[in-house]
Every structure is written in C-alpha cells, then in structure tokens.
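**Q** My questions all concern the structure below.
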Amino acid sequence: MRMQGLGLTFITLPLVICAATGGQWCYDSQDPKCGPSHWKDFKATCGGDNQSPINIDRRRLLRDSNLGDILFEGYDQAPPGKWRLMNDGHTVMMSLEGESMMEHINITSGGLRDKYRALQFHFHWGSLTGNGSEHTIDGHQYPMEMHIVHMNVQYKSIAEAKGHPNGLAVLSFLFKASDTDNSNYNTIVAGLKNISREGDFVDLSSTFCLDNLLPDTAQLSKYYRYKGSLTTPDCSEVVIWTVFEEPILISQSQLNAFVTTVHFPATGSTLLKMTNNFRSPQPLKNRKVYASRDATISHSPMCSPSIHFLLPPLLALLIDQFSGPS
C-alpha cells in the first residue's frame, strides 16, 4: 500500500526502526538484559564506529567558519494540518497529521549540502533524581533532549534515506531547568496525560510554530556538528548531527511531567514509568567534531598533573639564574 504524504510516514518512522530488531530492544530502566549495551547483539550496526550520541569535548573541537547560520524554512509558520502527540513505547513523539508538511518545514545552509525536510520530533529524559540527555557537553548531562528529525529531500522514504550517509539530519536541543514554566511547551505537557500508554495519541487543537519551541533565534548560530547514527536500533550511521549550544529553559515541574505521566509498554498488568530513555555517549573514535562560526570553544590547558609539580622548581631555577649575585 502506498503511503499518502508524510503524515503516515511520521507515525511509522519509530516503528520501522523498532521492527529492524524484532522489537527486542529496550532501555536499562525497563530491563538491563535488552538495554543499550546489548543493542549490538540485536543489530550489528549498533556496534559501529560512528555511533551516537557522543560527549562534545569543547577542548578538542575544530572551528569551521563555513558552519554559519542554518536556514529554518517554515519554522516560523503554523503548518497546515494538526499536530499529533504519541507514545510509541520508547518516547513521546510529535508529528503532523493531515496535509503533507513536506514543502513547509525544511532546513538548509549551515554547512548542509542538501535540503532536509522535517519528519517528527521526540524527547529523551531521565528520572526525578537524574538527568537524561543523550548528548553531553564537556561531560555534563542535561535533564532532557529534543531531536527534530529531517530527511534528505533527494530520497523518497526512510528506507531509501538510510541507505545513504547523508540520508538524515537531526537537530539536537538540550534542556535546562528554570524557575518558571515555558509557556511554549504548555500544549505538549498538557497532552501527556492523554498518552500514558504505548500507542496512545492525541490530536492537539492548538497550533504553534516550531520556532516557539527553540532557543532565541540569535543563539541558533552556535552549534556543534559531527557525523553519527540514530540513537536507537537499528543505529544506522546516516545522520548529520547538529547539537545546539544554547539550552531550552523549561520548569522542573514541566520536566517532571514527562517522568511521571508517560509509561513504557505494559508487562502483564504492571505499568512502568517511562524514565531514563536515553543512550549513553558512544566512543568518538576517529571522528572530528566541528564548532560553528559562533560556537564556544574551550581553550583550557590540558597539562598532565606531573607538569604542575615541575613548575615551582623550574621557576626557582630561572629566578636564580637571572637574579645573579647580590
């Protein structure tokens, strides 16, 4: 059966990824026996050399002046159709139902050689006592992370895109807890109570622009870029990752709503809260991570501890040499 538009494609994207492993993968918070450390046993690509997420070490970045402003096409407009919020058993996902958004929400420029159209966005989070972002910056894990998934417009399906190293482009936004609610997320947070169980979905009556969910536009030129993979099986290494430096502010109560309201698939009569649905950073190996034109790079020295012990006697020797006889 031929799929009409991208509305159906959005809903089936996570299911296609899950089907690649026969539905056997999970997170450690569900069952460590099928958690991320075992994914490579289900799907060999999850043990590849270009896996995501990663830790972004700002002491080791390469500045790329060609990584300028990304062009967000249609992000500032309420697209046609209606937003659908869904619990797919692994995350909370937002997609657009109705008229195809293929021609409405795209990204280009910013070092991207092709145009990529938006498919869906979803979240990864921790627990009431721990953070849950997938990417980390200088070893710091954030409370939550949002991925906006885009597909190269050259390809007609996810299956085709996953056959090419430039098939997908994912925008990653990290979250930071603040004292006040972020009103732009009220609609999503309020909808969580309607998608408590796997397969639940709700069509949101409120329309909004994706722009409203992001940090201030002036901060979007600060990002990090690398080549990686999907962060869930089948972990296809076809993703151009853009991780933004500026976090999105959201209140602790809004963050807690994700942790306390949504559930993993039921095991018998037991419902398990959806917590810690993240994969830990993977080895960078031989890859390079690039900083955009405006992104922050750390210039902290990377001296070994032994050097610090040598500095005092060296300074004393120099002073003695240059002071001469009194």
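The values are calculated or read from the model by the stated rules, or taken from the named source; none is laboratory data. These numbers were taken from a predicted model, which means no experiment stands behind them. FYI the Cβ positions are ideal-geometry reconstructions off the backbone, even for glycines, and counts take in every protein chain you see.
**Q** What single numbered condition from (1) closer than 21 Å to Glu237 by Cβ; (2) modelled with pLDDT under 80; (3) not small (Gly, Ala, Ser) fails to hold for Phe42?
**A** (2)
**Q** A follow-up question, please. Test Gln154 against the criterion of being more than 23 Å from Thr275 (Cβ to Cβ) and either in contact (Cβ under 8 Å) with a residue 24 or more places away in the chain or assigned to a loop (DSSP other than H, G, I, E, B) (or both), and give yes or no. Spell out the reasoning first.
**A** On the way: more than 23 Å from Thr275 (Cβ to Cβ): yes; either in contact (Cβ under 8 Å) with a residue 24 or more places away in the chain or assigned to a loop (DSSP other than H, G, I, E, B) (or both): yes.
For Gln154, the condition - more than 23 Å from Thr275 (Cβ to Cβ) and either in contact (Cβ under 8 Å) with a residue 24 or more places away in the chain or assigned to a loop (DSSP other than H, G, I, E, B) (or both) - is met.
**Q** Please work out if Val243 is in contact with a Gly (Cβ under 8 Å, 6 or more places away or on another chain) and buried (at least 20 other Cβ atoms within 10 Å of the Cβ). Even if it seems obvious, please write down each step before you answer.
**A** On the way: in contact with a Gly (Cβ under 8 Å, 6 or more places away or on another chain): no; buried (at least 20 other Cβ atoms within 10 Å of the Cβ): yes.
In short, no.
**Q** Are any of the residues in the range 197-206 of a type in the set (A, V, I, L, M, F, W, C) and crowded, with 20+ Cβ neighbours inside 10 Å? Step through it out loud before you land on a result.
**A** Here is the first cut: in the range 197-206, the residues of a type in the set (A, V, I, L, M, F, W, C) are 201-202, 204.
Checking which are crowded, with 20+ Cβ neighbours inside 10 Å leaves us with none.
No, the range 197-206 contains no residue that is of a type in the set (A, V, I, L, M, F, W, C) and crowded, with 20+ Cβ neighbours inside 10 Å.
**Q** In the range 91-112, which residue that is part of a loop (DSSP other than H, G, I, E, B), surrounded by 19 or more Cβ atoms within 10 Å (Cβ to Cβ) and at pLDDT 95 or above is farthest from the chain's Cα centre (by Cα)? Lay out the reasoning, then the answer.
**A** Going through the range 91-112, the residues part of a loop (DSSP other than H, G, I, E, B) turn out to be 91, 98-105, 110-111.
Still in the running and surrounded by 19 or more Cβ atoms within 10 Å (Cβ to Cβ): 91, 101, 104-105, 110.
Narrowing further to those that are at pLDDT 95 or above: 91, 110.
On the way: Thr91: 12, Gly110: 18 Å.
Within the range 91-112, the match that is farthest from the chain's Cα centre (by Cα) is Gly110.
**Q** Hey, among the residues in the range 249-270 that are hydroxyl-bearing (Ser, Thr, Tyr) and farther than 27 Å from Tyr224 by Cα, which one's surrounded by the fewest Cβ atoms within 10 Å (Cβ to Cβ)?
**A** If we filter the range 249-270 for residues that are hydroxyl-bearing (Ser, Thr, Tyr), which is where we start, we get 251, 253, 260-261, 267, 269-270.
Next, from what is left, pick out any that are farther than 27 Å from Tyr224 by Cα: 253, 260-261, 267, 269-270.
On the way: Ser253: 12, Thr260: 15, Thr261: 18, Thr267: 10, Ser269: 5, Thr270: 8.
That would be Ser269.
**Q** If Asn66 passes every condition in (1) closer than 23 Å to Glu145 by Cα; (2) polar (S, T, N, Q); (3) surrounded by fewer than 18 Cβ atoms within 10 Å (Cβ to Cβ) but one, which one does it miss?
**A** (1)
**Q** OK, next. What residue, of Thr270, Thr260, Thr217, is closer than 24 Å to Gln30 by Cα and without any contact (Cβ under 8 Å) to a residue 40 or more places away in the chain?
**A** On the way: Thr260 fails: without any contact (Cβ under 8 Å) to a residue 40 or more places away in the chain; Thr217 fails: closer than 24 Å to Gln30 by Cα.
Among Thr270, Thr260, Thr217, only Thr270 is closer than 24 Å to Gln30 by Cα and without any contact (Cβ under 8 Å) to a residue 40 or more places away in the chain.
**Q** Got a sec? Which of Leu230, Leu174, Leu249 is in a loop (DSSP other than H, G, I, E, B), closer than 16 Å to Ser133 by Cα and at pLDDT 95 or above?
**A** Numbers: Leu174 fails: in a loop (DSSP other than H, G, I, E, B); Leu249 fails: in a loop (DSSP other than H, G, I, E, B).
Every option except Leu230 fails the conditions.
**Q** Can I ask one more? Give the range 114-141 a look and list any residue that's part of a loop (DSSP other than H, G, I, E, B) and under 23 Å from Leu284 (Cβ atoms), or say none. So that I can check it myself, show each step before the final result.
**A** At the first step, the residues of the range 114-141 found to be part of a loop (DSSP other than H, G, I, E, B) are 126-135, 138-139.
Passing the criteria: Gly126, Asn131, Gly132, Ser133, Glu134, His135, Asp138, Gly139.
**Q** Sticking with this structure for a sec: Test of understanding: among Glu160, Glu145, which residue is outside any loop (DSSP other than H, G, I, E, B) and over 20 Å from Pro283 (Cα atoms)?
**A** Values: Glu145 fails: over 20 Å from Pro283 (Cα atoms).
Residue meeting the stated conditions: Glu160.
**Q** Moving on to the next point. Check the range 271-290 and report whether any residue there is in a loop (DSSP other than H, G, I, E, B), modelled with pLDDT of 55 or more, in contact with a helix residue (DSSP H, G or I) (Cβ under 6 Å, 6 or more places away or on another chain) and surrounded by 10 or more Cβ atoms within 10 Å (Cβ to Cβ). Walk me through how you get there before you give the answer.
**A** Of all residues in the range 271-290, those in a loop (DSSP other than H, G, I, E, B) come to 271-272, 274-289.
Cutting the leftovers down to modelled with pLDDT of 55 or more gives us 271-272, 274-289.
In the following step, the residues that additionally are in contact with a helix residue (DSSP H, G or I) (Cβ under 6 Å, 6 or more places away or on another chain) were identified as 275, 279.
Of the ones still in play, those that are also surrounded by 10 or more Cβ atoms within 10 Å (Cβ to Cβ) are 275, 279.
Scanning the range 271-290, I find at least one residue that is in a loop (DSSP other than H, G, I, E, B), modelled with pLDDT of 55 or more, in contact with a helix residue (DSSP H, G or I) (Cβ under 6 Å, 6 or more places away or on another chain) and surrounded by 10 or more Cβ atoms within 10 Å (Cβ to Cβ), so the answer is yes.
**Q** For Ala190, which of the numbered conditions (1) closer than 23 Å to Met274 by Cα; (2) touching a residue at least 40 places away in the same chain (Cβ under 8 Å) fails to hold?
**A** Every listed condition holds for Ala190 apart from (2).
**Q** So, in the range 21-67, exactly how many residues are more than 21 Å from the chain's Cα centre (by Cα), of a type in the set (D, E, K, R) and within 15 Å of Asn276 (Cβ to Cβ)?
**A** Qualifying residue count for the region: 1.
**Q** Next question, about the same structure. In this structure, is Lys33 free of Cβ contacts under 8 Å to residues at least 40 places away in the same chain and surrounded by fewer than 20 Cβ atoms within 10 Å (Cβ to Cβ)?
**A** The answer is yes for Lys33.
**Q** May I pose another question? Restricting to the range 144-162, what's the tally of residues that are of a type in the set (A, V, I, L, M, F, W, C), closer than 25 Å to Gly111 by Cβ, surrounded by 17 or more Cβ atoms within 10 Å (Cβ to Cβ) and modelled with pLDDT of 95 or more? Full working, then the answer.
**A** Of all residues in the range 144-162, those of a type in the set (A, V, I, L, M, F, W, C) come to 144, 146, 148-149, 151, 153, 158-159, 161.
Those left that are additionally closer than 25 Å to Gly111 by Cβ: 146, 148-149, 151, 153, 158, 161.
Narrowing further to those that are surrounded by 17 or more Cβ atoms within 10 Å (Cβ to Cβ): 146, 148-149, 151, 158, 161.
Subset that is modelled with pLDDT of 95 or more: 146, 148-149, 151, 161.
So the answer is 5.
**Q** Considering only the range 199-219, I want to know if a residue exists there that is assigned to a loop (DSSP other than H, G, I, E, B) and in contact with a Leu (Cβ under 6 Å, 6 or more places away or on another chain).
**A** To start, the set of residues in the range 199-219 that are assigned to a loop (DSSP other than H, G, I, E, B) comprises 199-200, 205-209, 214-216.
If we keep only those that are in contact with a Leu (Cβ under 6 Å, 6 or more places away or on another chain) too, we end up with none.
There is no residue in the range 199-219 that is assigned to a loop (DSSP other than H, G, I, E, B) and in contact with a Leu (Cβ under 6 Å, 6 or more places away or on another chain).
**Q** Looking only at the range 163-182, count every residue that is surrounded by 13 or more Cβ atoms within 10 Å (Cβ to Cβ) and touching a helix residue (DSSP H, G or I) at 6+ places or on another chain (Cβ under 9 Å) and tell me the total.
**A** 8
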